[in-house]
Structure formats: C-alpha cells, structure tokens
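Structure, as structure tokens:
Rule-based calculations on the coordinates, nothing more; no lab input. All of these numbers come straight from a predicted model, not from anything done at the bench. Every residue, glycine among them, receives a Cβ derived from its backbone with ideal geometry; neighbour counts consider all protein chains shown.
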Amino acid sequence: MSIVCIDPVVAREKFLKRPFELKHGLSDHPLFSLQRLVELAKSLPRDRIEYNSGKVAVGVKPEDVPKIDMPAEDVIRTIETANAWMVIKYVNEDLAYNELLKAFVEEANAAAGKKPGDYSDLQGFIFVSSANSITPFHFDAEENILIQIKGDKFVRTFDNDDRKLVSEETLELTPSRHRNTKYEPWYEKRAALHALKPGDAVHMPYMVPHWVSTGNSYSISMAMTWKTPEVLRLNKIRLVNGTLRHYGLPQKPPGISPKLDALKVMAHDALRAVLDPLRKSESIRRFLRGLIYGRNANYYLEGQAKKAGM
Ligand SMILES: [Fe+2]
C-alpha cells in the first residue's frame with residue numbers, strides 16, 4: 001500500500017516552493033505507540049531530546065520558556081497530563097524509523113517528479129505534545145513534511161518572501177540563537193492555517209516560518225526532513241554569515257555576491273573536514289558549540305542538566 005497520498009499536479013507546482021497539504025498511511029504504525037516512543041527515548045543520547053512546558057505564548061521569549069523537571073521517558077508516559085512539548089531528534093539513527101523515512105520521502109519526491117535520491121540528510125523528528133500546547137513561531141533550515149499521527153494539530157505557515165516577518169539576518173544560522181523567533185500579532189494576517197488530523201500531512205518548504213498548536217488531546221507527529229543540494233549550499237553560506245556576525249563581522253545575504261558565496265562554501269567545507277570526526281561524541285559536540293558560539297549554544301540542555309546528572 002502507498003504510504004503517501006499526494007496530488008501530483010499540486011506536488012509538481014508547489015513541492016520545495018510553497019506549503020501544501022497531503023495524506024499519509026502511517027497513523028496506526030507501531031513505531032508511533034507511546035510504549036515504543038518511551039523505548040526510543042531511552043535508547044538515545046540526552047542531547048537528542050528537547051522538551052519544555054507546552055503552556056507558552058506564540059511569541060514567547062526563549063529565556064521565558066518554562067522547563068520540565070522530569071526524565072524524558074516519564075514525560076512521554078504521562079503526556080496526557082504533563083502539559084509538555086517534546087521533540088525526539090534524529091530518529092533516523094534508529095534503523096526502523098530510518099527505513100520508514102526513506103520510503104516516505106522517496107515516494108513524495110517521485111510524486112513531485114524529482115529524480116530518485118536527489119537529496120541528502122534525511123532526518124526524522126518526532127513531536128510528542130500535550131493537549132493545547134504551542135510550538136512558538138520559528139523556521140527550519142530544511143525541507144519538511146509533517147505527518148500527523150495522533151490528535152489534532154494546527155499549523156500556521158507564513159509568507160515571508162519580502163522578509164517583513166523574518167529578516168535575512170534572523171535567517172542566518174548559529175547555535176547560539178534559540179530557534180524561537182520574534183512574533184507580532186499582525187503576522188497572523190499572513191498565515192495559512194492547516195488543520196491536521198491523523199492521516200493528514202503538510203509540506204513545509206525550506207525556511208517557511210510557522211507556529212503550531214495542538215488540539216484538546218495529546219498529539220504525536222513526525223517531521224520528515226531532507227536537504228536538496230541548493231539547501232545545503234544556502235545553509236553553508238548562512239552558517240558562515242551567522243558565525244562571522246557573532247564575531248562582529250556582518251555579511252551580505254546569499255545571492256548578492258556569487259564569488260563570495262562560493263568562497264564561504266569552500267571555507268565551510270574545509271572547517272567541517274577537521275571538526276566532523278570530533279563531533280561523534282556528545283561531550284565534544286557540547287564543548288565545540290560552547291567554544292565557538294558561547295554558553296547559549298547549549299541552551300536547550302540547561303533545564304534538565306541537573307536531573308540528568310550532567
Ligand atoms: Fe518547525
């Protein structure tokens with residue numbers, strides 16, 4: 001049976017360009033039961049799981065997001081009452097989830113008329129959220145299909161073509177900045193609402209700003225993300241720009257100077273060749289983030305650090 005149901009006409013017009021809705025056949029898949037998610041959380045390093053209170057405002061300041069003092073497995077077990085928001089990151093590192101991701105994204109790409117395997121960095125992020133919780137306004141630096149498994153989810157996607165909502169500077173990439181982005185009430189006029197039930201999905205292209213709320217029961221969903229060669233190129237430039245700005249050297253956005261863009265891509269690749277072998281260890285990943293970007297780079301680990309004995 002097909003696990004993706006996608007209108008080929010819509011897909012060819014909007015895929016990787018504009019948000020649109022589609023359907024999937026994974027709502028009853030055993031990989032998304034609470035028990036299986038508890039096992040998954042236990043099997044992953046601590047920095048692969050991020051969670052906090054789901055009772056926040058859409059435009060909450062990152063430092064004001066309340067933490068939850070409880071191990072991740074307990075948050076999942078009690079998700080009906082925990083008032084929590086959680087993301088289990090990089091579930092693609094588990095073979096079973098990876099197989100599912102590959103099958104899904106390959107099928108969606110084929111429906112949109114893309115060449116097989118014309119992407120990389122296939123990753124999965126499972127969101128486990130209590131009723132009426134909020135994922136504040138933000139954007140993601142990858143292509144994305146969000147599939148709804150359990151409960152209702154309301155996804156607002158925003159038109160940001162003229163950079164009025166999220167500036168080019170904010171689109172620069174640096175771990176020292178919290179994912180949540182400034183939000184003003186007038187932005188809502190530019191929102192498209194996608195009301196997702198189990199079996200529904202929405203495609204969110206690269207850096208489309210969005211905020212999300214759950215309905216009156218807990219929600220499970222998975223973001224399936226991947227990067228095209230163009231996304232990889234833009235991210236390298238935006239990471240270099242964000243890092244240079246951190247050191248007081250603001251840069252022009254990608255596209256203004258192709259020669260400078262190419263130089264930044266080369267510099268990025270050279271540095272990664274040195275750092276990547278070191279990043280296999282969680283403690284070295286944390287050390288490197290802190291060394292290059294300051295202590296804020298590990299912001300999402302601080303709330304539960306004491307509890308986890310770190
Ligand atoms: Fe997101």
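Can you tell me which lysines have their Cα less than 18 Å from the Cα of Lys153? Leave out same-chain residues fewer than eight positions away.
Here the lysines satisfying the reach criterion relative to Lys153 are Lys23, Lys55, Lys197.
Ordered by packing density, taken as the mean number of other Cβ atoms within 10 Å over each peptide's residues, highest first, how do 49-55, 270-276 rank?
Descending mean neighbour count gives 49-55, 270-276.
At 7 Å along Cα-to-Cβ for each site, give me the label-to-label distance between Phe287 and Lys23 in nm.
Label at Phe287, label at Lys23, 5.3 nm between them.
Using a Gaussian network for the chain with springs between C-alpha atoms less than 10 Å apart, which of these wobbles most: Lys67, Lys182, Lys164?
Lys164
Given charges of +1 on the Cβ of Lys and Arg and -1 on the Cβ of Asp and Glu, with all other atoms neutral, how large is the dipole of the stretch 4-228 about its Cα centre, in debye to the nearest 20?
With Lys and Arg at +1 and Asp and Glu at -1, about 280 debye.
Can you give me the distance in nm between label points at Ala110 and Leu244, each placed 7 Å from the Cα along the Cα-to-Cβ direction?
Label at Ala110, label at Leu244, 4.3 nm between them.
Mind checking which of Ala110, Phe127, Pro198 is farthest towards the positive end of the chain's charge dipole, using Cβ charges of +1 (Lys, Arg) and -1 (Asp, Glu) about the Cα centre?
Phe127
Determine, from the Cβ-Cβ distance of Met70 and Leu275 and an R0 of 51 Å, the FRET efficiency 1/(1 + (r/R0)^6), rounded to the nearest 0.05.
0.95
Do any of Lys227/Lys259; Lys189/Lys264; Lys102/Lys259; Lys17/Lys252 go past 32 Å between their Cα atoms, and which?
In this structure, Lys189/Lys264; Lys102/Lys259 exceed 32 Å between Cα atoms.
If you wrap a convex hull around the C-alpha atoms of the chain and split its volume per residue, what is the figure in Å³?
138 Å³
How far, in nm, would the chain grow between Asn132 and Trp186 when pulled straight, counting 0.36 nm per residue and subtracting the alpha carbon separation?
17.2 nm
Using modelled backbone amide H atoms (1.01 Å from N, in-plane), which distant-in-sequence or interchain residues come within less than 5 Å of Met204's amide H?
Distant-sequence amide H within range of Met204: Asn144, Ile145, Leu146.
Binned at 10 Å from 0, what are the whole-percent values of the Cα-Cα distance distribution for the stretch 231-301, short to long?
Using 10 Å bins, I get a P(r) of 19, 45, 31, 6 for the stretch 231-301.
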